[in-house]
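Quick one: the structure is below, and I'll ask about it shortly.
The values are calculated or read from the model by the stated rules, or taken from the named source; none is laboratory data. Quick caveat: nothing in here was measured; it's all calculated off a predicted structure. Heads up, the Cβs are rebuilt from the backbone with ideal geometry, glycines too, and the neighbour counts pull from every protein chain shown.
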Amino acid sequence: MGLDCSTQSLTATIIDLDNSQIILNKSVNFEKDLAQYKTTSGVVYGENGVVYSYADMWAEALDLLFLTLSKEIDLSKIKAISASGQQHASVYLDSLNAFDFDSETPLAGQIKKHLTRSESPVWLDTSTEEECKEITEAMGGEAGVLSATGSVAILRFTGAQIRKFSKENPTAYAATKRIHLNSSFICSVLAGKDCPIDFGDGAGMNLMNIAGLCWDKKAVEVTADNLAEKLPSLVASDTCVGDISSYFAINYGFSPDTKIIASTGDNPSSLIGIGAMIEGSAIISLGTSDTYFSAIDKATPAANAHIFGNPADNYMSLICFRNGSLAREAMKDLVSVSWAFFDNIAFADYVPSIDDEKFIIPFFSDEISPNISSNAPKYIPNDNMTDAQKVVYTIEGQFLNMYTQAQKMSKNKVDNIILTGGASKSEGIAQVIADIFQAKVSRLKLSLNSAALGACMRAIKNHTGISWQELSQRFCGQDEFKSPRAEYAEVYQQKADKWNDLIANL
Ligand code: XUL
């Protein structure tokens with residue numbers, strides 16, 4: 001069984017390994033099914049950028065989900081469980097024994113009585129600007145935080161959130177004996193004991209030394225007083241932490257020897273569930289923001305990108321581009337064309353060529369990768385361009401930018417790109433990506449919760465030793481969508497070099 005405790009819901013995916021079949025996918029929706037917590041899509045929006053959720057709600061969701069599952073399926077057949085969770089969210093507890101459950105009392109109340117902070121800050125929170133500045137300064141500047149932890153100090157990362165709590169509520173902070181991430185919290189609840197944080201999710205805290213895969217002494221020291229003793233240990237993601245808590249065996253019929261495998265963050269888990277855990281594959285997710293993530297062999301930190309642990313081995317890069325779908329939509333409206341034209345027709349007769357005048361830098365809102373204000377002078381459509389060219393150069397701009405940013409993290413060749421998200425249906429976008437990256441572009445056959453599937457695959461891997469390659473062949477079906485056209489490799493390399501010059505001058 002794989003679980004994903006995401007922002008909006010808790011999902012379980014169960015695989016019947018003998019028949020290579022995903023037999024169940026079920027979710028509890030926080031807003032709808034646990035309405036008493038009064039969340040909006042699983043979170044509460046406070047003032048000044050504060051966004052939080054509740055650890056006792058996540059625990060209650062586990063009770064609810066397992067109760068539903070126990071009526072549909074014989075849970076004693078589950079051999080191993082792993083979980084994934086929304087990254088960066090944190091849980092503050094007054095005791096290392098908080099997971100020592102009484103099997104007759106619901107989980108939520110048992111957790112709640114141990115919380116020193118009833119609210120768990122989540123990744124949407126942007127209230128920690130001051131703390132990020134302080135951490136950056138104490139670490140000797142951005143380069144210091146980046147080289148130590150794999151990311152510059154980031155608003156939503158856990159370190160800044162912990163610092164803010166220690167400043168605003170020193171008494172409750174002092175009473176905190178353990179700080180968990182959402183993922184290690186779920187793991188601890190499942191195992192009924194205090195469990196470690198894995199390298200995948202630990203890297204999203206600005207506290208883990210990215211090269212050494214241990215807590216970074218300086219980062220921990222400058223973040224908050226006595227923090228080292230409040231953090232769990234760090235482990236490789238494929239660690240079995242023990243057997244399931246008797247709470248779940250007694251209440252839902254799990255076998256007492258069901259193995260619990262360390263949890264990880266939802267992005268590292270999706271890397272597994274999409275089948276891109278081995279170097280040479282990358283995922284491009286086309287959404288409100290576009291995201292590029294890929295398995296990499298070395299930790300080579302780059303500003304504006306993150307490095308997390310790859311649960312399969314080594315590392316993964318994650319680069320987020322703010323100008324994704326909204327920028328595409330803005331350009332579609334500006335040119336005043338239909339989606340059919342924007343996604344396909346515009347590309348029909350296009351032959352890539354080098355032409356200095358024909359770049360569009362489509363940063364409609366402030367871009368974060370790289371850091372460029374939307375007010376910066378940019379190359380915009382001009383009257384010498386046809387409507388089709390305006391569309392094509394917009395898409396080229398987005399993905400030349402993605403390609404050059406990805407190259408900063410790893411120059412290793414990617415030969416398979418898996419495209420997900422709304423715009424992945426566009427033939428034109430897929431072909432431009434294939435040509436720029438000179439990689440085949442595939443799409444997933446089934447649309448599943450890739451983080452929950454990844455957690456399930458990690459549980460299987462730990463329990464059986466089946467290789468990643470075989471697991472991805474069996475469970476992550478991909479269809480090849482577009483092939484790279486070798487004749488345009490040189491043109492796009494020149495365009496990428498030119499793009500770097502344009503951006504450097506903004
Ligand atoms: C990654 C991030 C989000 C959350 C979503 O850095 O903040 O992708 O993990 O759950």
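Anything in region 237-252 that is touching a residue at least 12 places away in the same chain (Cβ under 8 Å) and more than 15 Å from S188 (Cβ to Cβ)? List them, or say none.
S237, D238, I250, N251, Y252
Do you know which of the residues in region 304-331 that are more than 15 Å from the ligand (Cβ to nearest atom) and either in contact (Cβ under 8 Å) with a residue 60 or more places away in the chain or assigned to a loop (DSSP other than H, G, I, E, B) (or both) is farthest from V145 (Cα to Cα)?
So in region 304-331, the residues more than 15 Å from the ligand (Cβ to nearest atom) come out as 312-314, 323, 325-331.
Right, trim to either in contact (Cβ under 8 Å) with a residue 60 or more places away in the chain or assigned to a loop (DSSP other than H, G, I, E, B) (or both) and you get 312-314, 323, 325, 327-328, 331.
Values: A312: 25, D313: 23, N314: 20, N323: 26, S325: 31, A327: 31, R328: 33, M331: 36 Å.
Among them, the one singled out is M331.
W58 passes all but one of (1) part of a helix (DSSP H, G or I); (2) surrounded by fewer than 20 Cβ atoms within 10 Å (Cβ to Cβ); (3) within 15 Å of the ligand (Cβ to nearest atom); which number fails?
(2)
Then there's this: State all residues of region 410-462 that are surrounded by fewer than 22 Cβ atoms within 10 Å (Cβ to Cβ), among the small types (G, A, S) and closer than 18 Å to D4 by Cα; if no residue qualifies, say none.
Selection gives S447 alone.
Which numbered condition in (1) at pLDDT 95 or above; (2) within 15 Å of the ligand (Cβ to nearest atom); (3) of a type in the set (D, E) is the only one that E131 fails?
(2)
Related question: Select, from T223, T264, the only residue that is within 16 Å of the ligand (Cβ to nearest atom), closer than 26 Å to L146 by Cβ and of a type in the set (V, I, T). Give the steps one after another, and end with the answer.
Numbers: T223 fails: within 16 Å of the ligand (Cβ to nearest atom).
Step by step, each of T223, T264 is checked, and only T264 is within 16 Å of the ligand (Cβ to nearest atom), closer than 26 Å to L146 by Cβ and of a type in the set (V, I, T).
Give me the strands (runs of 3 or more DSSP E) completely within region 403-506, filtered to those with at least 1 residues that are β-branched (V, I, T), ordered by residue number. If you could, list the steps in order and put the result at the bottom.
Working: elements: 416-420, 440-444, 478-482.
It comes to 416-420, 440-444.
Taking only region 1-20 into account, find how many residues are more than 16 Å from the ligand (Cβ to nearest atom) and either aliphatic (A, V, I, L, M) or farther than 22 Å from K32 by Cα (or both). Talk me through it step by step, then tell me what you get.
Of all residues in region 1-20, those more than 16 Å from the ligand (Cβ to nearest atom) come to 1, 12-20.
In the following step, the residues that additionally are either aliphatic (A, V, I, L, M) or farther than 22 Å from K32 by Cα (or both) were identified as 1, 12, 14-20.
The number of residues fulfilling the criteria is 9.
Check off (1) closer than 26 Å to G212 by Cβ; (2) acidic (D, E); (3) more than 15 Å from the ligand (Cβ to nearest atom) for D243 and give me the number that stays unchecked.
Condition (1) is where D243 drops out.
Let me ask you something else. Do you know which residues across region 360-378 are under 19 Å from I319 (Cα atoms) and in contact (Cβ under 8 Å) with a residue 12 or more places away in the chain? It would help to see each step written out before you state the result.
Start the filter on region 360-378 by keeping residues that are under 19 Å from I319 (Cα atoms), which leaves 361-374.
Once the filter is applied, which keeps residues that are under 19 Å from I319 (Cα atoms) and in contact (Cβ under 8 Å) with a residue 12 or more places away in the chain, region 360-378 yields I361, P362, F363, F364, S365, D366, E367, I368, S369, P370, N371, I372.
Something else: Can you find a residue that is acidic (D, E) and surrounded by 24 or more Cβ atoms within 10 Å (Cβ to Cβ) anywhere in region 276-292?
Residues of region 276-292 acidic (D, E): 279, 290.
Now drop any that are not surrounded by 24 or more Cβ atoms within 10 Å (Cβ to Cβ), which leaves 290.
Looking for residues that are acidic (D, E) and surrounded by 24 or more Cβ atoms within 10 Å (Cβ to Cβ), one finds at least one in region 276-292, hence yes.
Take E427 and tell me if it is under 21 Å from E490 (Cβ atoms), of a type outside the set (A, V, I, L, M) and in contact with a helix residue (DSSP H, G or I) (Cβ under 8 Å, 6 or more places away or on another chain).
Working: under 21 Å from E490 (Cβ atoms): no; of a type outside the set (A, V, I, L, M): yes; in contact with a helix residue (DSSP H, G or I) (Cβ under 8 Å, 6 or more places away or on another chain): yes.
Answer is no for this residue.
Okay, next question. Taking the criterion of being free of Cβ contacts under 8 Å to residues at least 40 places away in the same chain and touching a Pro at 6+ places or on another chain (Cβ under 9 Å), would at least one residue in region 218-229 satisfy it?
For region 218-229, residues free of Cβ contacts under 8 Å to residues at least 40 places away in the same chain and touching a Pro at 6+ places or on another chain (Cβ under 9 Å): absent.
Any idea how many residues of region 339-370 are under 31 Å from the mean Cα position of the chain (by Cα) and not in a loop (DSSP other than H, G, I, E, B)?
6
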